[in-house]
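Enquirer: Structure below; questions to follow.
The values are calculated or read from the model by the stated rules, or taken from the named source; none is laboratory data. Please read these numbers as outputs of a predicted model, since none were measured by experiment. Here the Cβ positions follow ideal geometry from the backbone for every residue, glycine too, while neighbour counts run over all protein chains shown.
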């Protein structure tokens, strides 16, 4: 088959010039070293559950008032819960590229949702695990991580739910009620079918990606009205409906997202929460099914998300990706390993590029300095007392957001308390107090809603984070071949994937 060639994207010189501060000799920001501790059991099975569009602050375990996630709450209570995990770009394609390659979007070039495949020169998590002798299987329900974009690299089997024939493995979907092929129920069924094909004598890596609660928020059956009119339902806040808007936009919602002319914000939030509750139930069914198959004896279960969702905050409705607020950047991250991990909560910032190095370290790969690609293993922080052994240096997390296709990017650095946002090309993107801003400093402790710029009140924090952002962005790109890289066959978006991407508003 003909070769496909991909150009690798490098850092923007323009950004370096516009940041315009910092000593050229400043070192790159590195994760702090931590003391060694006794190793964990060798070569555990690895289950990665990712839930599309799941913001952390709508889970009970992260402080939400509604009981949206009883099963995830149990996992969090029994494992290690990272309270401040942050994605590197709040869109599915860029986020998973960073997650699976442990590289930043500014370096791997995936700054657009669909249309740019994962660069072949970057090793994927599944490729590394396969080289370690792991079986690798995936079931995914979002076309943005389809085979067309080379997310299947390293997987023995890669199931795309929207492409699976209606009739398979002796089960006839036509005899059941009409179903969305990407529903969480079907994802669970397909994941269990895939898991039954595993060799019990070898460790496995299974990635299961649920599309719910991605918009449009349409929880099935009894879940649909689960939270409508409950004690947390506030009917007073109304939203603008603009029939001329074909896509979700700032300031209004388009006709395609409206349910029966409903303009109460609480109605849509309740449906979003009900989608979470439905997916939470399916996650539990998946775990029970794997347990029944004998696939849970020595298994690390990780639950996280590709990004969150804006539900009207900052006048941004039912979408994600354009603005770098915590509603879209902050996601859940928990590790569950019964009998091995002690239950604890970690409140320091975490980057999702650290996930792959962590799983590789648990699988037995030697990581010089605890790092793989640009990520750092979280294994020291999984150990009880890991944080107490760490030096006093602050944990930093870096993210980006915006419309990648026209380079209207925004850049973020945060520590345990403060967050700096930089809008280099368009000050109109971030409005605080009716004023467009180039730099904005938020105090996440005092102002979690990110409504007030406190740069003037904390000039030393502003300068420190600005230097850190400069040091991070001007660092050399992750060292891969800068020549055009060759990897396999040409791939085009097929009709099934195009249909799904259009339904999700991606095309």
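Enquirer: Looking at region 346-378, which of its residues are in contact (Cβ under 8 Å) with a residue 60 or more places away in the chain, more than 17 Å from the chain's Cα centre (by Cα) and either assigned to a strand (DSSP E or B) or buried (at least 21 other Cβ atoms within 10 Å of the Cβ) (or both)?
Expert: 346, 347, 348, 360, 362, 363, 371, 372, 373, listed by residue number.
Residue by residue, here is whether (1) more than 19 Å from the chain's Cα centre (by Cα); (2) at pLDDT below 70; (3) farther than 22 Å from residue 93 by Cβ; (4) assigned to a loop (DSSP other than H, G, I, E, B) holds:
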residue: 401; (1), (2), (3), (4): no, no, no, no
residue: 412; (1), (2), (3), (4): no, no, no, no
residue: 416; (1), (2), (3), (4): yes, no, yes, yes
residue: 420; (1), (2), (3), (4): yes, no, yes, no
residue: 425; (1), (2), (3), (4): yes, yes, no, yes
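Enquirer: Restricting region 196-237 to residues that are touching a strand residue (DSSP E or B) at 6+ places or on another chain (Cβ under 7 Å) and not in a loop (DSSP other than H, G, I, E, B), which is farthest from residue 45 (Cα to Cα)?
Expert: Checking each candidate, the answer is 210.
Enquirer: Among residues belonging to region 298-328 that are part of a strand (DSSP E or B) and modelled with pLDDT of 95 or more, point out the one that is farthest from residue 451 (Cα to Cα).
Expert: Checking each candidate, the answer is 299.
Enquirer: Hey, does region 329-345 have a residue that's part of a helix (DSSP H, G or I), surrounded by fewer than 24 Cβ atoms within 10 Å (Cβ to Cβ) and touching a strand residue (DSSP E or B) at 6+ places or on another chain (Cβ under 8 Å)?
Expert: Checked region 329-345: no residue is part of a helix (DSSP H, G or I), surrounded by fewer than 24 Cβ atoms within 10 Å (Cβ to Cβ) and touching a strand residue (DSSP E or B) at 6+ places or on another chain (Cβ under 8 Å).
Enquirer: If we only count helices (runs of 4 or more DSSP H) wholly inside region 1-108, which ones have 3 or more residues that are more than 17 Å from the chain's Cα centre (by Cα), surrounded by fewer than 16 Cβ atoms within 10 Å (Cβ to Cβ) and at pLDDT 90 or above?
Expert: Counting at least 3 such residues, we get 70-78.
Enquirer: Taking residue 384, is it over 18 Å from residue 99 (Cβ atoms) and either part of a loop (DSSP other than H, G, I, E, B) or modelled with pLDDT of 85 or more (or both)?
Expert: So residue 384 fits the description; yes.
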